[in-house]
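The structure appears below as structure tokens.
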Amino acid sequence: MLIKNIEQKIKINKLVSLGAIGFAVIIVIAGFFFAYKMIQDSRKSIYILDNGVPVLAKQTDELLNRPVEYKAQIELFHRLFFTLAPDDAYIKENIQKSLYLIDDSGKKEYTNLKEKGFYNQIVASSSMVSIHSDSIKLDMEQKKFQFFGKEMITRKSAVITRKLITEGFFDDIIRSPNNPHGVLLKNWRILDNEEISNQTKNSY
């Protein structure tokens, strides 16, 4: 009887020991899992500066946010390329910034407009050029886009509004300070830039 009791106690001790070891392993694995999850969540937390004040923001899945970035890049390029003032330095600065976002098709269109004297006319007539984006259509399979908007040319005597429809392709590249979205526009061309209104200003 004594031997049997000793054997039973040994078995119980073994079971208790194995149970304690198993429970400890589970606790360790759970700890690693929660620590990993916390690290991943912390990496998604970023701070952005709002007028010098750091504000906590959350990063979203890059793939989910990518179409938004494509549209933002397309809108940014058109705004830089077509927002002009009667100032040679301002024009060159805006064009230079826009050309970081596009392949040589942007440079070709800039050269074409320059040869036609478009930029000289802006400076000579003290005109302001701006655009309004109506919509941007994306084809994610072909990585193709169409931009629909209006171009406004404000002169001393009139405000000219032109239709602006362009198309091109987009591709992913490495992000950089000059291209924060990491998107390169390609094979861009203007499809329609016809005049749709010419409103004469009142002169007093």
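Things worth noting here:
- When we screen ASP104, ASP134 for residues that are under 19 Å from the mean Cα position of the chain (by Cα) and of a type in the set (Asp, Glu), the only hit is ASP134.
- Filter result (open to solvent by less than 90 Å² (accessible area, probe 1.4 Å) and either at pLDDT 95 or above or not in a strand (DSSP E or B) (or both)) within the stretch 195-204: LYS201
- ARG175 meets the stated requirement of being at pLDDT below 95, more than 24 Å from ALA85 (Cα to Cα) and of a type in the set (D, E, K, R).
- In the set ALA72, ALA35, ALA20, only one residue is in contact with a His (Cβ under 8 Å, 6 or more places away or on another chain), among the hydrophobic types (A, V, I, L, M, F, W, C) and either at pLDDT 90 or above or farther than 19 Å from ASN179 by Cβ (or both); that residue is ALA72.
- When residues of the stretch 149-204 are limited to those that are touching a residue at least 24 places away in the same chain (Cβ under 8 Å) and basic (Lys, Arg), the one nearest to ASN65 (Cα to Cα): LYS186
- Qualifying positions in the stretch 125-143 - of a type outside the set (Gly, Ala, Ser), more than 16 Å from PHE169 (Cα to Cα) and open to solvent by less than 90 Å² (accessible area, probe 1.4 Å): VAL129, ILE131, ASP134
- Set side by side, the residues SER176, SER157 differ, and just one is closer than 22 Å to LYS97 by Cα and of a type in the set (Gly, Ala, Ser), which is SER176.
- For the residues LYS92, LYS14, the requirement of being over 24 Å from ASP139 (Cβ atoms), at pLDDT below 85 and open to solvent by 40 Å² or more (accessible area, probe 1.4 Å) singles out LYS14.
The values are calculated or read from the model by the stated rules, or taken from the named source; none is laboratory data. Computed from a prediction, not measured in an experiment: that's the story for all the values here. Note that each Cβ is placed from the backbone with ideal geometry, even for glycine, and that neighbours are counted across all protein chains shown. The accessibility values were calculated without ligands, DNA or RNA, using every heavy atom of the protein model including side chains. Shrake-Rupley method; radii C 1.70, N 1.55, O 1.52, S 1.80 Å.
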